[in-house]
1. Give me a count of the residues in the stretch 134-160 that are of a type outside the set (A, V, I, L, M) and farther than 20 Å from Pro49 by Cα.
2. Are any residues in the stretch 33-76 assigned to a strand (DSSP E or B), open to solvent by less than 80 Å² (accessible area, probe 1.4 Å) and over 30 Å from Arg193 (Cα atoms), and if so, which ones?
3. Looking at (1) of a type outside the set (Lys, Arg); (2) open to solvent by 70 Å² or more (accessible area, probe 1.4 Å); (3) free of Cβ contacts under 8 Å to residues at least 40 places away in the same chain, which is the only condition Glu312 fails?
4. Within the stretch 401-415, track down each residue that is out of contact with any Pro (no Cβ under 6 Å at 6 or more places or on another chain), touching a residue at least 12 places away in the same chain (Cβ under 8 Å) and assigned to a helix (DSSP H, G or I).
5. If the requirement is being in contact (Cβ under 8 Å) with a residue 60 or more places away in the chain, in contact with an Asp or Glu (Cβ under 8 Å, 6 or more places away or on another chain), open to solvent by 30 Å² or more (accessible area, probe 1.4 Å) and farther than 30 Å from Leu212 by Cα, which of these qualifies: Arg293, Arg304?
6. Of the residues Leu418, Leu367, Leu361, only one is under 18 Å from Gly448 (Cβ atoms), touching a residue at least 40 places away in the same chain (Cβ under 8 Å) and not in a helix (DSSP H, G or I); which?
7. So in the stretch 560-573, with the set limited to residues that are modelled with pLDDT of 90 or more and in a helix (DSSP H, G or I), which one is nearest to Phe530 (Cα to Cα)?
8. Looking at (1) farther than 21 Å from Pro49 by Cβ; (2) in a helix (DSSP H, G or I); (3) not hydrophobic (A, V, I, L, M, F, W, C), find the lone condition where Gly265 falls short.
Amino acid sequence: MPDLLLELRSEEIPARMQKRAAGDLKKLVTDGLVDAGLTYEAAREYWTPRRLTLDVRGVTARSADISEERKGPRTDAPEKAIAGFLRGAGLQSVDDAQVKSDPKKGDFYVAVIEKPGRPAEDIIAEMMPAIIRNFPWPKSMRWGEASAKPGALRWVRPLQSVLCTFGPETEEPVVVKFEIGDLESGNVTYGHRFHAPGPITVRRFDDYAEQLEKAKVVLDADRRREIILSDARNLAFAQGFELVEDDALADEVSGLVEWPVILMGEFEDDFLSIPSEVVRLTIKENQKCFVLRPQDRPDELTNRFIITANIEASDGGTEIAYGNGKVVRARLADALHFWKTDQADLPDLQTLSESAAKFGLDLAKPLDQRMAKLDALNVTFHAKLGTQGQRIMRIRSLAGKLAPVIGIAPEAADRAVLLAKADLTTEAVGEFPELQGTMGRKYALLQGETAEVAAAIEEHYKPQGPSDDVPSDPVSIVVALADKLDTLTGFWSIDEKPTGSKDPYALRRAALGVIRLVLENDIRLPLSKFGVNNDLLSFFHDRLKVYLRDKGARHDLIDAVISPDADDLLMVCKRVEALAELLDSDDGRNLLAGTKRAANILAAEEKKETRIAETVDAALLTEAAEKSLSEAISEAEASAASAVGNEDFAAAMRALGALRQPVDRFFDDVLVNAEDDAVRANRLALLRRIRAATETVADFSRITG
């Protein structure tokens, strides 16, 4: 079966757009083939900075012939209706239509429309111009003289050539001919811009990839990435260093080069006085380079860095390394200035006394000055929620209430709250916003704050996702919870909630952060006492369900134990765990079946408004099985209530599990719907006691299976 090779070659595509664009091309083309009645066996996309490539294997050579029947009006319908039917079906007269009969509706016209199949190359040639013209780039441009004309082609960068061949392995493939703008498709591509800029004629994917490799183009992005990392590690090791791995940077750099060449640059040792995070980000953001560390000191950096060039220079890369080093030195000089400036007094220190007094800050300390500056500037947190200074006051109040719950004195967390956002006004964070918290910790230690306070400044943003670390130090926990709860309660108070996929204030992430802080630190936290209303509590419940399902919990068990007013998330989890353990046993599974049977009988009788006794009358219990069940329920109720009171949900579940045999025996030996009305009402009351007893720990009706 034929294979399709497609390449769209342009000037450099931004690295962040390449992978998605290649995926979009694959989907658009394969969907187009299928919609046109073709099939294919496999498809794979490739991308480099200058090309999007698609390799589609096993395409059917021709679409199938189609015979379609289109039902028309009755033969005695008005002439206008018949004429409209003929026009729509493409028929000249009723003589071209068939007449069919229906026993109920009579005779009616039917048009049989034959659609012959088409060669695949014709289908491809027809659909490709529209795919290219309507390609979903986030941003696109026009270029050249044609850009001034109506309907000019737009592409992410100027499109330079289109390659499109089609054919089986055993035959010479054909060029699928079509035009787009002033370009015509062909079987020619071009290699590396500098090493092999000449034309390359290709037939199909295998020789295409092979010839590109000879022309200094590594087509596979994953392979380029592995070459970069492997060569970087080897070069670092050979010089006595170790590569500081960075997956995101590796992905980006693999999208900047077609022929990766690894070089090493250097800068002066003096710049290593800057925090390693700043050095790393400066070199990464400005030059897209990796940093290195000593093999025996993983917490430090060296004055060397790894460059990924896109050319094999005649001088071995000396000039490239020198040029990169020159830029890195200039950027590190700026970073060193930021670092020193942040530790010096602010020039307008005398204007900050009012803010300092409001918060109890020490203006002899640089980080305190930055906090006073944050307040004095009236930096807005949100138009409806006030300034950052006002927010710190709210977080401070919340932290004071949370501290006893976590088991520390309020004063222990207060200092960390005051300085938590102070680094937002530092030069370093202004240059690298992702260092907020990190720089606050460093500056806090420099001015003599305790390790707990410094750690809390950095960690109060955590966890920022499902895989992020969760703070475990009590001071960090208090500040992190206060920060997130203020965010959630604040935005709920102004009715700014996530809608659908939109969550501009990352409230889902904040709620998950609270959940992970509580559960992973085993904290009892009654959320309703900290400004969480019923609507926000429901939001927490939804996030908790997602979290627990990701951990492997059954959704029906979560629904069985969670109630609208359940504000202690840790207790909800413990109930889920205990219920899962119970249902994993024979007693639990059989109890569930018996409880559901009791509930179904009750539901049916309640619907019929059958009389059910208010309480169980022991005098009306005549069968041994019902007497035994009544006694077992009384014992289970007492044991379960005591266990729940002690928050020992496993023990409560075990107490209910003891009902398994009495319930089974009851249904085996006793007729619930006895002829005697009083006996029947009493036995139904006994079933209601089973339901009530199990509802003390879970709603068994929500459990499937």
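1. Quick first cut of the stretch 134-160, residues of a type outside the set (A, V, I, L, M) only: 134-140, 142-145, 147, 149-151, 154-155, 157-158, 160.
Going one step further and asking which of them are farther than 20 Å from Pro49 by Cα, we end up with 134, 144-145, 147, 149-151.
Residues that pass the stated criteria total 7.
2. So the first thing to find is which residues in the stretch 33-76 are assigned to a strand (DSSP E or B), and the list is 42-48, 51-57, 62, 66-74.
Right, trim to open to solvent by less than 80 Å² (accessible area, probe 1.4 Å) and you get 42-43, 45-48, 51-57, 67-68, 72-73.
Residues satisfying the conditions are Ala42, Ser67, Glu68, Gly72, Pro73.
3. All conditions are met except number (3).
4. Here is the first cut: in the stretch 401-415, the residues out of contact with any Pro (no Cβ under 6 Å at 6 or more places or on another chain) are 401-402, 404-405, 407, 409-415.
Filter once more, so that each one left must be touching a residue at least 12 places away in the same chain (Cβ under 8 Å): 401-402, 405, 407, 412-415.
Hits for the stretch 401-415 are Lys401, Leu402, Val405, Ala412, Ala413, Asp414, Arg415.
5. Details: Arg293 fails: in contact (Cβ under 8 Å) with a residue 60 or more places away in the chain.
After applying the criteria, what remains is Arg304.
6. Details: Leu418 fails: not in a helix (DSSP H, G or I); Leu367 fails: not in a helix (DSSP H, G or I).
The conditions single out Leu361.
7. Leu569
8. The single condition Gly265 does not satisfy is (2).
The values are calculated or read from the model by the stated rules, or taken from the named source; none is laboratory data. All values reported here derive from a predicted model rather than from experimental measurement. So basically every Cβ, Gly included, is an ideal-geometry build from the backbone, and we count neighbours across all protein chains shown. SASA here: full protein model, heavy atoms, side chains in, ligands and nucleic acids out. Shrake-Rupley method; radii C 1.70, N 1.55, O 1.52, S 1.80 Å.
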